Amino acid sequence: MKKIILSVLALGLSMGLMAQKVYNGAEPIQGKLAQTAKTGNIVYPETFEDCASVDDPKFYTQDGESLWLGITGTNAYMDLAYGQRYVGNYQVTGIAAVMTNLPIEDVEEEMAATVVDMNGNELARVNFTTADLPQSTESFAFDLVEFDFASPVSASDFMAVIEVPALTIIGEGSVGGNIAIIASTEIDCASGEMSYSYSDLEGTGDYEWVSILEAWGGSVDLDIMIFPKVSGVGLTEAEVNSLSYVYPNPAKDEVLVASSLSMERVEIVNMLGQVVYSADVNGNSVKVNTAEMGAGNYVVKMYTEAGMATKKLVVE
């Protein structure tokens, strides 16, 4: 089972205050690639909008008591990439992810957004650096980042992947560089073995894709907030809904409405059928101020190139 050292993963709590952090070492991740397809051909975990909140991010710890957000970031096991799996026939045009970067040192490091099939073959790639991400210093600054491929790529059973920089080990007892964190849902708010990390097994220098659920002995069931940007041609109503997201949910002051599909308009309707928000959109996401809406239940209508998606939204 994967074990995590708290002193390494708690770096984000005071990242802007210190240049180096203590590194205690840890046992590498173990596991194997799971080949089980998601049932029903619904590509994105439906739980993304139900159990996804980055208002109060926490990190996984070895004691099992602090299991929540934050496994998705470079750690002592030298994980080099994270992927969320999708099943369906799609023209993938890019990758989007909810991310932040915790800089330990003032250095810029290379990253990438890729599509990888379940045989491990890379189908498309966009290179970027840690400087292109939202930067967290004294507090977390998660936000959606989007990357477009030079041309669409066909994929049916694949992972939407973010490659992260490896931790720099400075001598003995300290780390440097950057920690690029990809947000995730809470434990037990996932649809199965659909989240993966590309990890070193047993510290041998050999890497492979590992199901996070299996690597943690079946105790960590989550979804990683990485999704593909896709063409809307030929999609069913169920797929359009599955490829559309609202987070955090419940929301407080702000909510991000996003879709793998290009959106034309977004409306938010209360339980009386009144439209409390509407805006034209020419892209894959829009941020909505919910502070003045009042606590309660709402329906988000997302008019995409492939039809309308509807999502429930709770405002606290």
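Bear in mind that the values in this text are calculations on the coordinates, not laboratory data. Predicted, not measured: the structure shown is a model, and the values here were computed from it. For neighbour counting, all protein chains shown are included, and Cβ atoms are generated from backbone atoms with ideal geometry for every residue, glycine included.
Brief remarks on what is shown
- Spatial offset of region 179-252 relative to region 273-292 amounts to 26 Å, using the alpha carbon center of each.
- Order of SER156, SER262 - criterion: other Cβ atoms within 10 Å of each residue's Cβ, fewest first: SER156, SER262
- Sorting THR204, THR114 by the number of Cβ atoms found within 10 Å of their own Cβ, with the fewest placed first, yields THR204, THR114.
- For the peptides 120-131, 95-106, the ranking by packing is 95-106, 120-131, with the highest mean count of neighbouring Cβ atoms within 10 Å listed first.
- Point-charge dipole on Cβ atoms (K/R +1, D/E -1) for region 229-288, about Cα centre, debye to 20: 120
- Amide H contacts under 5 Å for THR129: MET111, restricted to partners 5 or more places along the chain or on a different chain, H placed in the peptide plane at 1.01 Å from N.
- If the chain linking VAL275 and ASP206 were pulled fully straight, counting 0.36 nm for each residue of separation and taking away their Cα-Cα distance, it would gain 19.4 nm.
- Gyration tensor (alpha-carbon) shape descriptor, region 191-303, a/c threshold 1.5: prolate
- Counting beta carbons within 10 Å around each of LYS311, LYS287 and listing the fewest first gives the order LYS287, LYS311.
- Amide N proximity, region 283-316 versus GLU237 label position 7 Å along Cα-to-Cβ, cut-off under 11 Å: 308-310
- Each peptide in 294-300, 274-280, 252-258 receives the mean, over its residues, of other Cβ atoms within 10 Å, and ordering these scores from highest gives 252-258, 294-300, 274-280.
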